[in-house]
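Asks: What follows is a single structure, and I will ask about it in a moment.
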Amino acid sequence: MSDRTYNGWTNYATWRVNLEIFDGLTLDDFGAADDSAWLVGKALRDYAEELIESTSSEGLARDYALAFLSDVDWEEIAQHMIDDHVRENAEEESAE
């Protein structure tokens, strides 16, 4: 069995999608501040699919881009966002 992790993420697809699509976005951007990782992950997947579909024309490249998303660990990205949200709220509360 080979190690398929990439830069601390489950795999290359998860790392790349997080970097290229979600970097700089927060849970607040998705209106999902306190949801489960599964629900947030579903919202992130829907967002990424819509982004690809709305910014590309039909054809082979779009099909490959959408297929690439099937390798993404959506719950991992969601949990990362949730952890960031919790950490930021804790920092704000301790500063008050």
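The values are calculated or read from the model by the stated rules, or taken from the named source; none is laboratory data. Owing to the predicted nature of the structure, the values given are computational and were not obtained by experimental measurement. Note that we place each Cβ from the backbone using ideal geometry, even for glycine, and neighbour counts take in every protein chain shown.
Asks: Looking only at residues in segment 1-28 that are charged (D, E, K, R) and exposed (fewer than 13 other Cβ atoms within 10 Å of the Cβ), which one is farthest from residue 70 (Cα to Cα)? First the steps, then the outcome.
Replies: First, pick out the residues of segment 1-28 that are charged (D, E, K, R): 3-4, 16, 20, 23, 28.
In the following step, the residues that additionally are exposed (fewer than 13 other Cβ atoms within 10 Å of the Cβ) were identified as 3-4, 20, 23, 28.
Values: 3: 19, 4: 15, 20: 16, 23: 19, 28: 25 Å.
Out of the qualifying residues, it is 28.
Asks: Hey, another quick one. Considering 48, 43, 32, which residue is of a type outside the set (D, E, K, R) and assigned to a loop (DSSP other than H, G, I, E, B)?
Replies: Values: 48 fails: assigned to a loop (DSSP other than H, G, I, E, B); 43 fails: assigned to a loop (DSSP other than H, G, I, E, B).
Of the residues listed, the single one that is of a type outside the set (D, E, K, R) and assigned to a loop (DSSP other than H, G, I, E, B) is 32.
Asks: Only one residue in 76, 91 is without any contact (Cβ under 8 Å) to a residue 24 or more places away in the chain and either over 20 Å from residue 6 (Cβ atoms) or surrounded by 12 or more Cβ atoms within 10 Å (Cβ to Cβ) (or both). Which one? Steps first, answer last, please.
Replies: On the way: 76 fails: without any contact (Cβ under 8 Å) to a residue 24 or more places away in the chain.
Being without any contact (Cβ under 8 Å) to a residue 24 or more places away in the chain and either over 20 Å from residue 6 (Cβ atoms) or surrounded by 12 or more Cβ atoms within 10 Å (Cβ to Cβ) (or both) holds for just one of 76, 91, which is 91.
Asks: Any idea which residue in segment 32-63 is farthest from the chain's Cα centre (by Cα), counting only those that are closer than 21 Å to residue 15 by Cβ and basic (Lys, Arg)?
Replies: Looking at the filtered set, the residue picked out is 42.
Asks: So, one more: Just wondering, is there one or more residues in segment 60-81 that are out of contact with any helix residue (DSSP H, G or I) (no Cβ under 6 Å at 6 or more places or on another chain), assigned to a helix (DSSP H, G or I) and among the β-branched types (Val, Ile, Thr)?
Replies: Looking for residues that are out of contact with any helix residue (DSSP H, G or I) (no Cβ under 6 Å at 6 or more places or on another chain), assigned to a helix (DSSP H, G or I) and among the β-branched types (Val, Ile, Thr), one finds none in segment 60-81, hence no.
Asks: Here is a further query. Would you point out which residue out of 39, 27 is in contact with a His (Cβ under 7 Å, 6 or more places away or on another chain), closer than 16 Å to residue 82 by Cβ and modelled with pLDDT of 90 or more? Even if it seems obvious, please write down each step before you answer.
Replies: Numbers: 39 fails: in contact with a His (Cβ under 7 Å, 6 or more places away or on another chain).
Result of the check over 39, 27: 27.
Asks: From 43, 78, 61, grab the single residue that is of a type in the set (Gly, Ala, Ser) and more than 18 Å from residue 26 (Cα to Cα).
Replies: On the way: 43 fails: more than 18 Å from residue 26 (Cα to Cα); 78 fails: more than 18 Å from residue 26 (Cα to Cα).
None of the other options fit; the residue is 61.
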